[in-house]
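Please read the structure below before turning to the comments.
The values are calculated or read from the model by the stated rules, or taken from the named source; none is laboratory data. Predicted model, so just to flag it, every value in this text is computed and none were measured. Glycine also receives a Cβ, built like all others from the backbone with ideal geometry; neighbour counts cover every protein chain displayed.
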Amino acid sequence: MPVIGFLRSTPAAPFVQLVTAFRQGLGELGLVEGDSVKIEQRWADNDPDRLPPLAADLVRRRASARPGHAGSKSGYRDHPHRFRGR
């Protein structure tokens, strides 16, 4: 099953609508969490020092795509961003 990594520099709570919209968009592409795709969420809680290890964890889990906050001033931007369509 493909794994999509979702990484944000923010805390999760204020962005519930973002995650809901993300899942809805995946559904429109025919991807259903737990059925055709697994979503691994990582939240840095506004601590930029947490981004590199969180991104590394997603890489270790072989996430197929890692949408998130790529403009951060952390090492996250050094990781490859791969977005795969249908």
**Asked** Does any residue of the stretch 45-55 turn out to be at pLDDT below 90 and of a type in the set (D, E, K, R)?
**Response** no
**Asked** What pairs can you find where one residue is in the stretch 1-25 and more than 12 Å from R42 (Cα to Cα) and β-branched (V, I, T), the other is exposed (fewer than 12 other Cβ atoms within 10 Å of the Cβ) and at pLDDT below 90, and their Cβ atoms are less than 8 Å apart, with a gap of 6+ or different chains?
**Response** V3/R62
**Prompt:** Of all residues in the stretch 2-60, how many are of a type in the set (S, T, N, Q) and part of a loop (DSSP other than H, G, I, E, B)?
**Reply:** 4
